[in-house]
Amino acid sequence: MKVLIKGVDTCNRSVPCDEQTSTKDVISVFLRGKFVEKCKILKVKDLLVITGAQIEKSSRGGHEFNIIANGSSDLKIWVIQDPENKTSEIQSGTNQKPLESGPTVAVKKVHNTSSGEDEPPNKRSRLILQPKPETYTKLADLTVNSVVNVYGVVKFFKSPFKTKGSDFVCTISLVDPSFDSLDQGFKCVLFSKSKESLPLVTSVGDVVRFRRLGVGQYRGELQGKFLPDSAW
């Protein structure tokens, strides 16, 4: 799900946002996973507050960066609906609250309080989702018919190529310190409809992270496979 937001400080409250044409002031937020369903309540003029998101370079014109809300354990999202009815002030120090905007959607960071806990920006905000911390499984501890998050160092790889059907496939063998020997490895055979969605491995020694990877069995050996919600 893609959401376009405009910063509080760049929005002229006397002019509707759709008439403020500077694309450099508008940044894209990409919501992934569980956030997509939760954020369907978003409407134009809502105030969107995000903390713990990732930033990546944008490959398109307009704003230099994109905001990625991919469900990491540090990510929190609040939605303040109809923020025009009330204004708040930005306070000094670490307990900073977002400034509510006029006719726009805006983003500001909510800092931790002195107690170490995040507080919503005001009483009318709604916490959309705070994901549970992710756990990662050592490669030596993998079991068949499981869904895991794993890190691994590439021991062998075969770049994506077209199958006889409509899919692309690539093969990656991973190792980590949990193995007794480099002769061991965890083989992943990954299929996808597009070449771009498969892991971009360029050399042996690359580190790859998989989230929600399926673990099956082939000819007596464990084998990783993509599930519909797998990511890397």
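A few notes on this one:
- Criterion (modelled with pLDDT of 60 or more and in contact with a helix residue (DSSP H, G or I) (Cβ under 8 Å, 6 or more places away or on another chain)) met by exactly one of LYS6, LYS2, LYS43: LYS6
- For the stretch 46-64, a residue qualifies if it is in contact with a helix residue (DSSP H, G or I) (Cβ under 7 Å, 6 or more places away or on another chain) and either part of a strand (DSSP E or B) or of a type in the set (A, V, I, L, M) (or both), and exactly one does: LEU47.
- Residue ID - surrounded by the most Cβ atoms within 10 Å (Cβ to Cβ), chosen from residues in the stretch 148-189 that are touching a Gly at 6+ places or on another chain (Cβ under 6 Å) and aliphatic (A, V, I, L, M): LEU174
- When the criteria are applied in full, ARG209 meets the requirement of being surrounded by fewer than 17 Cβ atoms within 10 Å (Cβ to Cβ) and under 20 Å from the mean Cα position of the chain (by Cα).
- The residues of the stretch 52-68 that are buried (at least 19 other Cβ atoms within 10 Å of the Cβ) and closer than 26 Å to SER230 by Cα, listed by number, are ALA53, ASN66, ILE67.
- Members of the stretch 22-70 that are touching a Ser or Thr at 6+ places or on another chain (Cβ under 8 Å) and basic (Lys, Arg): LYS45
The values are calculated or read from the model by the stated rules, or taken from the named source; none is laboratory data. Just so you know, these numbers come straight off a predicted model, no measurement behind them. When we count neighbours, we look across all protein chains shown, and the Cβ atoms used for this are built from the backbone with ideal geometry, even at glycine.
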